[in-house]
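Here's the structure we're looking at; comments come further down.
The values are calculated or read from the model by the stated rules, or taken from the named source; none is laboratory data. Quantities reported herein were computed from a predicted structural model and do not represent experimental measurements. Cβ placement follows ideal geometry from the backbone for every residue including glycine, while neighbour counts extend to all protein chains displayed.
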Amino acid sequence: MFDNIKAIYFDLDDTLINIGGTSAQAWEVTCQQLLIAFPELDLPKAVILDEVIHEHAAYLNNPARIADFTGSVYELRRQILFAALKNLEFEKKEAVLEFMLTQFPINRNEMISLYPYVHKTLGALKQRGYKLALITNGGGEVQMEKIQHFNLDPYFDVLWISGDRGYFKPDRRVFETVSDELGVTLKEACMVGDNYSWEVKAPICYGMKAIYFDGHQKGLPREVQIKPHCIISSMSELLELF
């Protein structure tokens, strides 16, 4: 099935890195720490957390907003927090913002983890002669922070971070441009990812092979019209396919 494949493309979040729920959990811990550090704040943790989660989700669900933002990760998080807290009448608002900006990345990085066998699998595929690409939506600095934290960048011939490039999965131009940079056709490429619409359905429609990564073992979404060529729950399974 994969005999003609020359290049393998990987998603990042919840494919190579297990981030399931970590942002929300990290914000919750940060809000709890905030109330300990600033006991004079007269608001329940849930009220602060709801505002932060709402604004954070509004940003992540708006690809155009991601593409338009050109500042640093710190500036982006500051913008999200400012929007979230603008209706909450805090004293020492600047100190509150700075505290949360400092604590959130610390808490999040302590919670995310690399899936088992990622380094072993990427290294083996590289040795076997496959061209590898990492394709991830999101802001450039945010995603590079994760990539470098887990030392993933040396494995990849192409790093596509949509916030830097301007096109977001499932846009066909993402897969075409990556393939052009690697010198392969779409038919010679296989996408591995956990998002059915972006990393299975779309690539198959473009003529690629696609492998659904089910790291949380939840199964495919209901009523899928296009099935992946394979479903795996561990990165090590790729070494049996390629």
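General remarks:
Quick grid of which residues meet (1) outside any helix (DSSP H, G or I); (2) closer than 21 Å to Ile17 by Cα:
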{"residue": "Val192", "(1), (2)": "yes, yes"}
{"residue": "Trp198", "(1), (2)": "no, yes"}
{"residue": "Ala210", "(1), (2)": "yes, yes"}
{"residue": "Gly215", "(1), (2)": "yes, yes"}
{"residue": "Lys218", "(1), (2)": "yes, yes"}
{"residue": "Val224", "(1), (2)": "yes, no"}
{"residue": "Lys227", "(1), (2)": "yes, no"}
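Listed here are the residues, each with its yes/no results for (1) within 14 Å of Ala7 (Cβ to Cβ); (2) in contact with a Phe, Trp or Tyr (Cβ under 8 Å, 6 or more places away or on another chain).
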position	(1), (2)
Arg173	no, yes
Val178	yes, yes
Leu186	yes, yes
Glu199	no, yes
Gly207	yes, no
Ile226	no, no
Leu238	yes, no
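- Test result for Gly129, more than 30 Å from Ile36 (Cβ to Cβ) and in a helix (DSSP H, G or I): no
Each row is one residue, and each column tells you yes or no for (1) within 28 Å of Gln127 (Cβ to Cβ); (2) surrounded by fewer than 23 Cβ atoms within 10 Å (Cβ to Cβ); (3) among the acidic types (Asp, Glu).
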site: Glu176; (1), (2), (3): yes, yes, yes
site: Val200; (1), (2), (3): yes, no, no
site: Ile204; (1), (2), (3): yes, yes, no
site: Ile211; (1), (2), (3): yes, no, no
site: Lys218; (1), (2), (3): no, yes, no
site: Glu223; (1), (2), (3): no, yes, yes
site: Ser233; (1), (2), (3): yes, yes, no
site: Glu240; (1), (2), (3): yes, yes, yes
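- Residues of region 185-198 satisfying the condition of being within 20 Å of Leu122 (Cβ to Cβ), touching an Asp or Glu at 6+ places or on another chain (Cβ under 9 Å) and surrounded by fewer than 24 Cβ atoms within 10 Å (Cβ to Cβ): Asp194, Asn195
- Among the residues of region 20-50, those that are within 16 Å of Ala84 (Cβ to Cβ) and exposed (fewer than 13 other Cβ atoms within 10 Å of the Cβ) comprise Pro44, Ala46, Val47.
- One residue stands out in region 152-202 among those that are touching a residue at least 24 places away in the same chain (Cβ under 8 Å) and of a type in the set (S, T, N, Q): the one that is farthest from Arg108 (Cα to Cα), namely Ser179.
- Of all residues making up region 121-155, the number that are closer than 22 Å to Ala189 by Cβ and over 13 Å from the mean Cα position of the chain (by Cα): 17
- Helices (runs of 4 or more DSSP H) contained in region 27-120 and holding at least 1 residues at pLDDT below 90 and closer than 28 Å to Asp171 by Cα: 45-60, 63-68, 73-85
- Among the residues of region 104-120, the ones that are over 20 Å from the mean Cα position of the chain (by Cα) and either under 16 Å from Ile36 (Cβ atoms) or buried (at least 16 other Cβ atoms within 10 Å of the Cβ) (or both) come to 0 in all.
- Members of region 1-16 found to be at pLDDT 95 or above and outside any loop (DSSP other than H, G, I, E, B), listed by number: Ala7, Ile8, Tyr9, Phe10
- Residue match in region 139-161 (condition: among the small types (Gly, Ala, Ser), buried (at least 16 other Cβ atoms within 10 Å of the Cβ) and over 16 Å from Val52 (Cβ atoms)): yes
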